[in-house]
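Please read the structure below before turning to the comments.
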Amino acid sequence: MNPAPLNPLQSAAADHFNRCASAYADTHPLADTADLRRALPYLRPNAGQHLLDLACGAGHTGAFFGRLGLRISFADIAPAMLDQARARAAADGFPADFILAPAESLPFPDATFDHLACRVAAHHFSCPASFTMEAARLLKPGGCLLLIDGTVEDGHPIAEAWAHQVETLRDPSHGRLIRPSQWIHLTGHVGLPTIHHEIFPLQQPDLEWYFHTADTSPAHRETVRALVAGAPEDARQLFRITQTPEGKWTWWWQRLILVARKPGPST
Ligand SMILES: C[S@@+](CC[C@H](N)C(=O)[O-])C[C@H]1O[C@@H](n2cnc3c(N)ncnc32)[C@H](O)[C@@H]1O
């Protein structure tokens, strides 16, 4: 059976990440796996288990678990990103395979994986509910979903609207930052109760660098600079937006770490 054609948001993500793949190498902040280390006591992976690194990008997450002795399936919607993950896995030498597929509809049988990790990608998905349904279907009983993504904590609608506006202008493939309570609802609804969640802030080192990674258009750069300079108090406080004496804009994105477990005995 042929895979379903990509919808407009999926196509925008695939085009965008094919174009920007080279920016996700070892120097990218995603190469820092402190957030993954933080999740380990909840996930409790064992060597020999099988993990799906979904929306794997350049493969930093899968490589982290591959080095712990897990077998990794890497999946992504952008062939150029999968190429990066392939090169990383080959350099590290752990068992791995690579699948070009969207998170909303994955070509694996039910209960294939011991764990599923999806890091800093779900805000691009056209249908987060289809992704959580797929995660619940693909996990074995006792398996865990590790979801890490940008978020805005509950109770800050002004900061949330600001962050959404900035991200949509900066990166045309951005979908939506989802609040922690919404993720807990989405995963719980498909039978994956949350066993741990926390917000783990991540510094956005420099607005100009941030434009560069997303290849933001010159017109959108101008608008985002104005939005940052005039950020509402709620956003200013929540994201700790600061201008350095040299004029650089930095802030702290809120990153959600959530672990949800499929009920049943672990294998
Ligand atoms: C920031 S990168 C992911 C980083 C990676 N998970 C890591 O830990 O280094 C976002 C990735 O999501 C992928 N992506 C976006 N939308 C997708 C979708 N609907 N299905 C699968 N992959 C998607 C992009 O192609 C891109 O490689």
Give the long-range amide H neighbours of I99: residues separated by 5 or more places, or on another chain, with amide H under 5 Å away, using H modelled in the peptide plane at 1.01 Å from N. F74, A75, D76
For labels at E246 and T33 in the simple 7 Å Cα→Cβ model, what's the distance in nm? 3.0 nm
Cα convex hull volume per residue for the chain, in Å³, equals 122 Å³
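Return a whole-number percent for the relative contact order of the chain, with Cα pairs under 8 Å and 6 or more residues apart as the contact set.
RCO, the chain: 19 percent.
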So how do 81-94, 242-255, 44-57, 190-203 stack up, highest first, on mean other-Cβ count within 10 Å? 44-57, 81-94, 190-203, 242-255
Per the helix-only calculation at 222 nm, which mean residue ellipticity applies to the chain, given -39500 (n - 2.57) for every DSSP H run of n ≥ 4 and division by its residues, nearest 500 deg cm²/dmol? -11500 deg cm²/dmol
How big is the dipole moment of the stretch 1-130 about its Cα centre under a simple scheme where the beta carbon of each Lys and Arg is +1, that of each Asp and Glu is -1, and everything else is neutral? Debye, nearest 20, please. 280 debye
So what is the relative contact order for the stretch 8-71, in percent, with contacts set as C-alpha pairs under 8 Å and at least six apart? 34 percent
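Taking only the Cα atoms of the stretch 83-132, how large is their convex hull per residue, in Å³?
109 Å³
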Could you point to the residue in G142, A229, T194 farthest towards the positive end of the chain's charge dipole, with +1 and -1 charges on the Cβ of Lys/Arg and Asp/Glu respectively? G142
What is the antiparallel percent of DSSP beta bridges lying wholly in the chain, to the nearest 5? 50 percent
Among T61, A39, A23, the residue whose Cα sits farthest towards the positive end of the charge dipole of the stretch 22-81, when +1 is placed on the Cβ of each Lys and Arg and -1 on the Cβ of each Asp and Glu, is A39
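The numbers here are math on the coordinates, done by the rules we state, and not lab data. Bear in mind that the values here come from a model prediction, so they are computed numbers and not experimental data. Using ideal geometry, Cβ is built from the backbone for each residue, glycine included, and neighbour counts are taken over all protein chains shown.
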